[in-house]
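Take a look at the structure set out below.
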Amino acid sequence: MTTQSRPILAALVLAAIAMASGPRSLAQTGAAPSQPTPLMTAGQALGRLLELIRTTPSVAGITPERLEAVMGAKILQAADGSARYGFSERVTPSWSYGLGIDKASNAQPTFHFNFSPNPPDASPAMTEICQLDVAAFSSRLESMGFSKTPHRAEHGRLLMYVFDRVRAGALEMRIEVYPRGEANEPNKAGHECIEMIRMS
């Protein structure tokens, strides 16, 4: 996957959770639009995602109903009526996250989770959403039987980590984790936070 694919994946998540009308999430119900109360912290959202992975054999088993049960959030269908379902909320003043399952294409279903800055063209530090960093997330996945392989782009630059779970000689689930340095400060640039996750 190329670097240019990353904004496309993020756009797919946003498309998956675009709703026709009404509240976008349980967290925003009854809350002032300017100061929504998040349903989950960033760490809690990633923790529930790990639980979803642990208890689901394959992405095909991730239904809207299962997402609601594990994530504890109201999962809504895409505004165009397609088989895309998801949820999003602003988790801090600087960051939002979104998650979605795409069952609309003829290919196998895919699941996406990503953090997005507020506003979209901003580049804030990830400190406030890095409670569960790449190292901790990786450790949890490896304890579930996933193998970890770094994938690099041009000049050896790290693009993502790929986690594969193989059972009975067949690939059961693949998870791509896209890292980003916590901040531009020298002592934080090397600390890998999670920017985006794709599952297939």
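Some points to look at:
- Extreme residue, farthest from residue 200 (Cα to Cα), among residues of the stretch 127-163 that are among the acidic types (Asp, Glu) and under 17 Å from the mean Cα position of the chain (by Cα): 128
- Within the stretch 60-73, restricting attention to residues that are closer than 20 Å to residue 105 by Cα and in a loop (DSSP other than H, G, I, E, B), the residue that is farthest from the chain's Cα centre (by Cα) is 63.
- The stretch 170-191 - residue that is under 21 Å from residue 47 (Cβ atoms) and more than 15 Å from the chain's Cα centre (by Cα) and, of those, surrounded by the most Cβ atoms within 10 Å (Cβ to Cβ): 173
- Restricting the stretch 92-117 to residues that are free of Cβ contacts under 8 Å to residues at least 60 places away in the same chain, more than 13 Å from residue 194 (Cβ to Cβ) and of a type in the set (A, V, I, L, M, F, W, C), the residue that is surrounded by the most Cβ atoms within 10 Å (Cβ to Cβ): 104
- One residue stands out among those in the stretch 100-128 that are touching a Leu at 6+ places or on another chain (Cβ under 9 Å) and not acidic (Asp, Glu): the one that is farthest from residue 76 (Cα to Cα), which is 116.
- Some residue of the stretch 133-148 being touching an Asp or Glu at 6+ places or on another chain (Cβ under 6 Å) and of a type in the set (Ser, Thr, Tyr): yes
- Any hit, the stretch 138-148, residues being on the phi > 0 side of the Ramachandran plot and not aromatic (Phe, Trp, Tyr): yes
- Residues within the stretch 135-154 that are at pLDDT 95 or above and assigned to a helix (DSSP H, G or I), tallied: 9
- Residue among 46, 76, 52 that alone is closer than 24 Å to residue 105 by Cα, out of contact with any Gly (no Cβ under 8 Å at 6 or more places or on another chain), surrounded by 15 or more Cβ atoms within 10 Å (Cβ to Cβ) and among the hydrophobic types (A, V, I, L, M, F, W, C): 52
- Cβ-Cβ contacts under 8 Å between residues 6 or more apart (or on different chains), taken from a first residue in the stretch 52-64 that is under 16 Å from residue 164 (Cα atoms) to a second residue that is among the β-branched types (Val, Ile, Thr), are listed as 52/62; 52/70; 53/175; 55/70; 56/62; 59/101; 59/110.
- The condition of being part of a loop (DSSP other than H, G, I, E, B), buried (at least 18 other Cβ atoms within 10 Å of the Cβ) and at pLDDT below 95 holds for only one of 120, 57, 38, that being 38.
- For residue 89: the one exception among (1) surrounded by 19 or more Cβ atoms within 10 Å (Cβ to Cβ); (2) at pLDDT below 95: (2)
The values are calculated or read from the model by the stated rules, or taken from the named source; none is laboratory data. Being a predicted model, the structure only gives us computed values, none of them experimental. Note that we place each Cβ from the backbone using ideal geometry, even for glycine, and neighbour counts take in every protein chain shown.
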